[in-house]
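S.K.: Structure incoming, see below.
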Ligand code: NAD
């Protein structure tokens, strides 16, 4: 069992830290939010007064923070040079590839092994310990991180060198954003052409238009398996977070001169849905309401 510092106990980090405590680790928690700290304490972690205090004698450090600037600030002021050099550092936040590479480089120069380990799966997967981790870093760092990450997830995949976890995550989510929009478009048009939507689902989910967005996460209420569409697009993966990931994807595309017209279009559509129309808190499949504003659920 290890002494683990956990920094960032929000929607995702709260459940992840609780799973580490449940597995028997000594979890030292720090967050800027008092509420988050109280919840972490109630779920088996002990509270640290600062990030520095949390990492002081840690064997492992996990961070789950909003964005790259928070990760940079926490690592540069409170982790690198403050945690024992023997600690394995794991940043599970979704951030830009450049910051991930830079921080792993700085940690390495100070003698630390560090990985970027963003996750696929939302709050329910964080709670249930069924996240998928995409990990970037050296073979040695991956080998040390893997057993701890496995206690918070169902799969831990080594994506490659530093930053590769973030690269895999944003390429995947760019594809997801684009296929969700395309799936919504196809259903909206099918409705206008007079097709029965369950019949269209039955056909397309077995034909070449099939994708995860259609078969596992259908944006139409009452069609396919139960999804956020059946709960008025509540819960699930917020459109604001999809927009964040699409913006990270476009930033990365620009940095390597990759041509991503579908990603760019998905970003523009999610910006309109999440920001201009106030749908940011809704599940990302709720964008169907913007694509077809005459939407009415099919009869039961
Ligand atoms: P969140 O905002 O609920 O939690 C972030 C926590 O970090 C907050 O409690 C905040 O107080 C804390 N924090 C911020 N700055 C800090 C600092 N300097 N020191 C200590 N604590 C600090 O966010 P979340 O939904 O838990 O997401 C965390 C990360 O996981 C994000 O990068 C997000 O993109 C990614 N992610 C989220 C989901 C999801 O469904 N929510 C899914 C996959 C990935």
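S.K.: Have a look at 54, 36 and point out the one that is in a helix (DSSP H, G or I), within 14 Å of the ligand (Cβ to nearest atom), at pLDDT 95 or above and in contact with a helix residue (DSSP H, G or I) (Cβ under 7 Å, 6 or more places away or on another chain).
M.R.: Among 54, 36, only 36 is in a helix (DSSP H, G or I), within 14 Å of the ligand (Cβ to nearest atom), at pLDDT 95 or above and in contact with a helix residue (DSSP H, G or I) (Cβ under 7 Å, 6 or more places away or on another chain).
S.K.: Sort out which residues of segment 1-58 are under 13 Å from residue 148 (Cβ atoms) and in contact with a strand residue (DSSP E or B) (Cβ under 6 Å, 6 or more places away or on another chain), and write them in order of number.
M.R.: Matches in segment 1-58: 2, 3, 4, 5, 6, 17, 20, 21, 25, 26, 27, 58.
S.K.: Applying the selection to segment 139-159, what residues are assigned to a strand (DSSP E or B) and either within 16 Å of the ligand (Cβ to nearest atom) or touching a residue at least 40 places away in the same chain (Cβ under 8 Å) (or both)?
M.R.: Matches in segment 139-159: 153, 154, 155, 156, 157, 159.
S.K.: Still on this structure: Residues of segment 241-267 being farther than 16 Å from residue 176 by Cβ and free of Cβ contacts under 8 Å to residues at least 40 places away in the same chain, which ones?
M.R.: Once the filter is applied, which keeps residues that are farther than 16 Å from residue 176 by Cβ and free of Cβ contacts under 8 Å to residues at least 40 places away in the same chain, segment 241-267 yields 254, 256, 257, 258, 259, 261.
S.K.: So residue 96 clears everything in (1) under 17 Å from the mean Cα position of the chain (by Cα); (2) away from the ligand (no atom under 13 Å from the Cβ) except one condition, right? Which one?
M.R.: (2)
S.K.: Scan segment 117-138 and tell me whether some residue there is in a strand (DSSP E or B), at pLDDT below 95 and in contact with a strand residue (DSSP E or B) (Cβ under 6 Å, 6 or more places away or on another chain).
M.R.: yes
S.K.: Does residue 58 satisfy the condition of being buried (at least 18 other Cβ atoms within 10 Å of the Cβ) and over 30 Å from residue 174 (Cα atoms)?
M.R.: So residue 58 passes the test.
Let's see how each residue does on (1) within 18 Å of the chain's Cα centre (by Cα); (2) buried (at least 18 other Cβ atoms within 10 Å of the Cβ); (3) at pLDDT 95 or above:
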| residue | (1), (2), (3) |
| --- | --- |
| 166 | yes, yes, yes |
| 173 | yes, yes, yes |
| 177 | yes, yes, yes |
| 184 | no, yes, yes |
| 187 | no, yes, yes |
| 194 | no, no, yes |
| 203 | no, no, yes |
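S.K.: A further question on this structure: Is at least one residue of segment 98-109 touching a strand residue (DSSP E or B) at 6+ places or on another chain (Cβ under 8 Å) and part of a strand (DSSP E or B)?
M.R.: No, because not a single residue in segment 98-109 is touching a strand residue (DSSP E or B) at 6+ places or on another chain (Cβ under 8 Å) and part of a strand (DSSP E or B).
S.K.: Out of the residues in segment 7-22 meeting the condition of being near the ligand (Cβ under 6 Å from one of its atoms) and surrounded by fewer than 21 Cβ atoms within 10 Å (Cβ to Cβ), tell me which one is nearest to residue 64 (Cα to Cα).
M.R.: 10
S.K.: Tally time: how many residues in segment 39-51 are assigned to a helix (DSSP H, G or I) and crowded, with 22+ Cβ neighbours inside 10 Å?
M.R.: 2
S.K.: Another one. Residue check, residue 176 against (1) more than 16 Å from the ligand (Cβ to nearest atom); (2) in contact with a helix residue (DSSP H, G or I) (Cβ under 8 Å, 6 or more places away or on another chain), all met but one. Which one?
M.R.: In the conditions (1) more than 16 Å from the ligand (Cβ to nearest atom); (2) in contact with a helix residue (DSSP H, G or I) (Cβ under 8 Å, 6 or more places away or on another chain), residue 176 misses (1) alone.
S.K.: In addition: Within segment 101-110, is even one residue surrounded by fewer than 21 Cβ atoms within 10 Å (Cβ to Cβ), under 24 Å from residue 159 (Cα atoms) and within 13 Å of the ligand (Cβ to nearest atom)?
M.R.: No: segment 101-110 contains no residue that is surrounded by fewer than 21 Cβ atoms within 10 Å (Cβ to Cβ), under 24 Å from residue 159 (Cα atoms) and within 13 Å of the ligand (Cβ to nearest atom).
The values are calculated or read from the model by the stated rules, or taken from the named source; none is laboratory data. Everything quoted here is computed from the prediction, not taken from an experiment. FYI the Cβ positions are ideal-geometry reconstructions off the backbone, even for glycines, and counts take in every protein chain you see.
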